[in-house]
Amino acid sequence: MTDRAPASDPGPFSRFEFLVAGRYLRARRRDRFVSVIAALTLTGIALGVAALIVVTSVMNGFNAEIVSKLLGLNGHFSAYPIEARFTDYEKSAFQIQSVDGVVAAIPFVEGQALASGAKADATGAIVRGISLDSVEKLKLLHDGAILGHWDGWDDGNGVAIGRRLAEKLKVNIGDTVTLLSPDASGLQSGARPRTRSFPVQVIFDLGMTEFDSFYLYMPLRPAQDYLEMFDRVLKPNASVPPVDADEADREAAYDRIYRATAIEVFIADPNALDAMRLKIGQEIERPLILSDWRQQHQNFFDALQTQGSVMFVILSMIVVVAAFNIISSLIMLVKDKGTDIAVLRTMGATRGSIMRIFGIAGVAIGVGGTLLGLALGLVIAANAEAIRAFLSSVLGFTIFPPEVFFLSSLPSRTNPSEVIAIVAVAMGLSFLATLYPAWRAAQYDPVEALRYE
């Protein structure tokens, strides 16, 4: 009589272990409740992963869109005069433009005014004067014209206003906008603030509420005249006009030396701010204060970064809670399958095999939920604006109103590295959540389990 050869060990993670783990996860009449809990846990992980992907994508898109809009109109630097009035702005702009690494240097004048239309009340507006050459350098502004055109901008007396401001004032191309400047500095005592009317030449839509609702552009020279951005210098061989002379005679005796508010400086590398500040300061003659866009909007971007971090932490709790649900669902599964574990042990299954069976079941829930959440999150992130518009039309109110969130549409930009990190964290938590229940299952004593059964 020959001895029978011992059965070969199938080894870890064999087909047998995957088969048993799969049967434990499938719903049957006796253990349907456990399978429902596992399905809910999978759904929780999927929703958490999808929420993280969508929120990070929207926050990335929001930050990128805000930066692109701000730097599309405002320079990487704003150069302000230090000592004297900025009457040599053209020379300074030419010198800055000649610095290697500078893309454009745009002088401008700026002031505040109350704008009103014939059919609407007055509203606050920021008046900015720039030349046609500057408009052509600002591609966002130049290409953002939806009505009207920029032809003859320098030679005309028209204005360009944002779409939302035009809606507030109820004006269209060719209509008149009246500007009331509250600044009476430089006027004679008792004089009234300046009030002038200008035709609307261009209506633009930049997709950013701040610019579309409050900015009003004028040709540089008319803006300098309206805002009184000039110094009066007595003409050669002219005498000071008497006090009782009329305005025309007084103006005829003086020359106007125009000045600018500042110069917007655009550079090729937005990350080289410190190096370019030093380089520009060394190569221009006039001392200027160079204020970069990070300094001008530091509080705003700090608030955005804090908000994004807080949202990420809060939504990460969904994945953490789902991971704890994996623990609870596996513990319930282990309790429910106590007899099965005892039978498997008596048939030769090792503790390691039992541990791997329940580990595979838990990891399957985590991986399935993570992959489902990944697909769901990427689809929602790619169609965030369409989904927002659909929900707004169905619910009857605007989700993410532009007046609050600055942008007229909901941007989304998915960062692959962040998505990989989210998926890795979700799968890592799912794996860690399976260790304790699987270890408990491996500790079952088959004798005791069968005795009490």
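Hey, any hits in the range 260-271 for a residue that's aromatic (Phe, Trp, Tyr) and under 19 Å from Asp88 (Cα atoms)? Taking every residue of the range 260-271 in turn, none turns out to be aromatic (Phe, Trp, Tyr) and under 19 Å from Asp88 (Cα atoms).
Considering the conditions (1) open to solvent by 70 Å² or more (accessible area, probe 1.4 Å); (2) part of a helix (DSSP H, G or I); (3) modelled with pLDDT of 85 or more, Arg413 is excluded by exactly one of them, (2). Being in a strand (DSSP E or B) and either modelled with pLDDT of 80 or more or within 28 Å of Gly281 (Cα to Cα) (or both) is the requirement here; does Ala84 meet it? So Ala84 fails the test. Out of Leu432, Leu450, I need the residue that is modelled with pLDDT under 85 and either out of contact with any strand residue (DSSP E or B) (no Cβ under 7 Å at 6 or more places or on another chain) or open to solvent by 70 Å² or more (accessible area, probe 1.4 Å) (or both). Which one? Unique residue meeting the criteria: Leu450.
Pairs are defined by a Cβ separation below 9 Å, a sequence spacing of at least 6 or placement on different chains, a first member in the range 287-316 that is under 15 Å from Thr56 (Cα atoms), and a second member that is open to solvent by less than 80 Å² (accessible area, probe 1.4 Å) and aromatic (Phe, Trp, Tyr); the pairs so defined are Leu304/Phe62; Gly308/Phe62.
The helices (runs of 4 or more DSSP H) falling completely within the range 252-344 that include 2 or more residues that are more than 26 Å from the chain's Cα centre (by Cα) map to 273-283, 298-336. Tallying residues that are in contact with a helix residue (DSSP H, G or I) (Cβ under 8 Å, 6 or more places away or on another chain) and either basic (Lys, Arg) or open to solvent by 10 Å² or more (accessible area, probe 1.4 Å) (or both) within the range 204-234 yields 8. Exactly one residue out of Leu73, Leu114, Leu47 is at pLDDT 80 or above and in contact with a Pro (Cβ under 9 Å, 6 or more places away or on another chain), and it is Leu114.
The values are calculated or read from the model by the stated rules, or taken from the named source; none is laboratory data. Because the structure is predicted, anything quoted here is derived from the model rather than measured. Every residue, glycine as well, gets a Cβ built from its backbone with ideal geometry; the counts of neighbours run over all protein chains shown. SASA here: full protein model, heavy atoms, side chains in, ligands and nucleic acids out. Shrake-Rupley method; radii C 1.70, N 1.55, O 1.52, S 1.80 Å.
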